[in-house]
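To start, the structure under review is shown below, and the notes come after it.
The values are calculated or read from the model by the stated rules, or taken from the named source; none is laboratory data. Since the structure is predicted, the reported quantities are computational estimates derived from the model, not experimental observations. Here the Cβ positions follow ideal geometry from the backbone for every residue, glycine too, while neighbour counts run over all protein chains shown. We work out accessible area using only protein heavy atoms, side chains counted, and drop any ligands, DNA or RNA first. Shrake-Rupley method; radii C 1.70, N 1.55, O 1.52, S 1.80 Å.
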Amino acid sequence: MPRTVFLSTGFYVPDRVVTNDELTRWWQTSDEWIRERTGIRERRWVRPGEQAGSDLALEATRIALERGGIQPSDLDCIVYATLSPDYFFPGGGVFLQRKLGVPGIPALDVRNQCTGFLYGLSVADAWIRSGQYRRVLLVGSEVHSTGIDFGPAGRDLGVLFGDGAGVAILGATDDPGRGVLSTHLFADGRHAELLWCESDASARFPRISHEDLDAGRHYPKMQGREVFKSAVAAMLESVRTALAANGLAPADVNLLIAHQANLRINEMVQRQLGLRDDQVYNNIDRYGNTTAATIPIAIDECVASGRLKRGDLLVLTAFGSGFTWGSAVVRW
Ligand code: ACO
């Protein structure tokens, strides 16, 4: 059975940099509060109406295609992870497919928030190993900034999120020494309302009302402290599960890339796993939380800077709304 390898990666973020200081235009907050509580210094936001998530994904895909010497027509399938699709329906995958000019190939939309890239990786890996598809474009792309509450109630969530896209082009190899070694996925819907967006929603009638708008139900809501504690425990557990399943220990890890929701979460995970600073990568200071795009952006930065090299043991983990969480182990 073949293994799944990362043939090429790419990422794209909008050129509009929004610093913490700039956020004080809208909210009672400060650079100091945001940096100390989250590790974020700046994030990228689209200019509203100028770029959708599928546009960011297109730019990231173009970079990955060019770097890998791959043509759009070489792609067998698109797996598109986002919590902020361009429209309620259809999902973002078909818009990216149209922009890439590859009609006909399947486009699967994955809705697992910050864990979306790992859920997508697991599906793509199974397809590649089974021989169903040989070349899968795996995308994480988000535009959060058009869904932010700029009123006082939006301050806790508004400072956290950034826009961006990251992609990986996955392929098959017969080399037993490389590739995706495992994926582990988890979910617990009992906590769905701790981080969610209530409206508009087909579960409600009407799907959105004036009252919903007045109450701000169309903005995401989060119980930050509960989510924080759960994120630490779940990412820790999923990394330990992944390492044990492969007969590995933390000392074997060359690079851990954890979802970037809060630097303090990742520092706790690092400490409890006993990992050195050179075994982990964080870039939340520059991008904030880009949800499904976070992991592929970080992977691409690590490839470009030489932090991730052929033969390295890469561990990925994420946690997000749902709750959903998971991990993957890759011999790069
Ligand atoms: N600026 C200044 N003060 C603020 C801000 C802000 N932006 N936001 C909140 N505060 C205030 C609060 O009002 C509160 O004030 P009070 O003590 O007078 O009531 C105080 O700061 C502390 O608020 P907490 O919410 O308790 O702050 P905490 O230290 O927990 O940090 C944070 C909040 C950063 C949101 C944190 O809880 C967190 O990171 N949670 C987890 C995020 C996460 O992992 N998300 C999952 C992935 S996202 C996804 O799946 C889409």
*asked:* Looking at segment 23-36, I want the residues that are in the same structural domain as A153 (by TED's automatic domain parsing) and near the ligand (Cβ under 9 Å from one of its atoms) and have a partner that is polar (S, T, N, Q) and assigned to a helix (DSSP H, G or I) with Cβ atoms under 7 Å, at least 6 apart or on another chain. Which pairs are those?
replied: I34/N20
*Complete set of residues in segment 96-112 that are crowded, with 20+ Cβ neighbours inside 10 Å and touching a Phe, Trp or Tyr at 6+ places or on another chain (Cβ under 8 Å)*: L96, A107, V110, N112
_Looking only at segment 243-265, filter to residues that are crowded, with 22+ Cβ neighbours inside 10 Å and closer than 22 Å to R331 by Cβ; which one of those is nearest to the ligand (Cβ to nearest atom)?_
H259
_Given the condition of a type in the set (S, T, N, Q), open to solvent by less than 50 Å² (accessible area, probe 1.4 Å), closer than 28 Å to I295 by Cβ and not assigned by TED's automatic domain parsing to the domain that holds G93, answer yes or no: does some residue in segment 183-199 qualify?_
yes
*List every residue pair whose Cβ atoms sit under 9 Å apart, with the two residues 6 or more apart in sequence or on different chains, where the first one lies in segment 207-219 and is without any contact (Cβ under 8 Å) to a residue 24 or more places away in the chain and the second, anywhere, is of a type outside the set (V, I, T) and open to solvent by 80 Å² or more (accessible area, probe 1.4 Å).*
R207/F88; R217/E211
*Identify, please: which residue in segment 265-302 is among the polar types (S, T, N, Q) and part of a helix (DSSP H, G or I) and is, among those, farthest from L243 (Cα to Cα)?*
T291
*Restricting the search to segment 130-143, which residues are surrounded by 17 or more Cβ atoms within 10 Å (Cβ to Cβ) and more than 16 Å from V13 (Cβ to Cβ)?*
Y133, R135, V136, L137, L138
*Of all residues in segment 4-21, how many are surrounded by fewer than 18 Cβ atoms within 10 Å (Cβ to Cβ) and within 13 Å of the ligand (Cβ to nearest atom)?*
1
*In segment 149-177, residue surrounded by the fewest Cβ atoms within 10 Å (Cβ to Cβ) [restricted to those that are under 15 Å from the mean Cα position of the chain (by Cα) and within 30 Å of R129 (Cα to Cα)]*: A168
*In segment 64-90, what count of residues is obtained for those that are under 20 Å from the mean Cα position of the chain (by Cα), small (G, A, S) and open to solvent by 60 Å² or more (accessible area, probe 1.4 Å)?*
0
*Assuming M1 fulfils every condition listed in (1) assigned to a helix (DSSP H, G or I); (2) in contact (Cβ under 8 Å) with a residue 24 or more places away in the chain; (3) exposed (fewer than 14 other Cβ atoms within 10 Å of the Cβ) apart from one, which condition is it?*
(1)
*Quick one: in segment 82-95, which of the residues that are touching a Phe, Trp or Tyr at 6+ places or on another chain (Cβ under 9 Å) and among the hydrophobic types (A, V, I, L, M, F, W, C) is nearest to the ligand (Cβ to nearest atom)?*
F95
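Here's the yes/no breakdown for (1) surrounded by fewer than 24 Cβ atoms within 10 Å (Cβ to Cβ); (2) under 14 Å from L181 (Cα atoms):
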| residue | (1), (2) |
| --- | --- |
| T290 | no, no |
| A293 | no, no |
| A298 | no, no |
| V303 | yes, no |
| L308 | yes, no |
| L313 | yes, yes |
| W325 | no, no |
| A328 | no, yes |
| W332 | yes, yes |
_Kindly evaluate V227 against the criterion of being of a type in the set (V, I, T), modelled with pLDDT of 95 or more, away from the ligand (no atom under 13 Å from the Cβ) and farther than 21 Å from S141 by Cβ._
no
*Which one of T146, T115, T61 is open to solvent by less than 10 Å² (accessible area, probe 1.4 Å), within 16 Å of the ligand (Cβ to nearest atom) and polar (S, T, N, Q)?*
T115
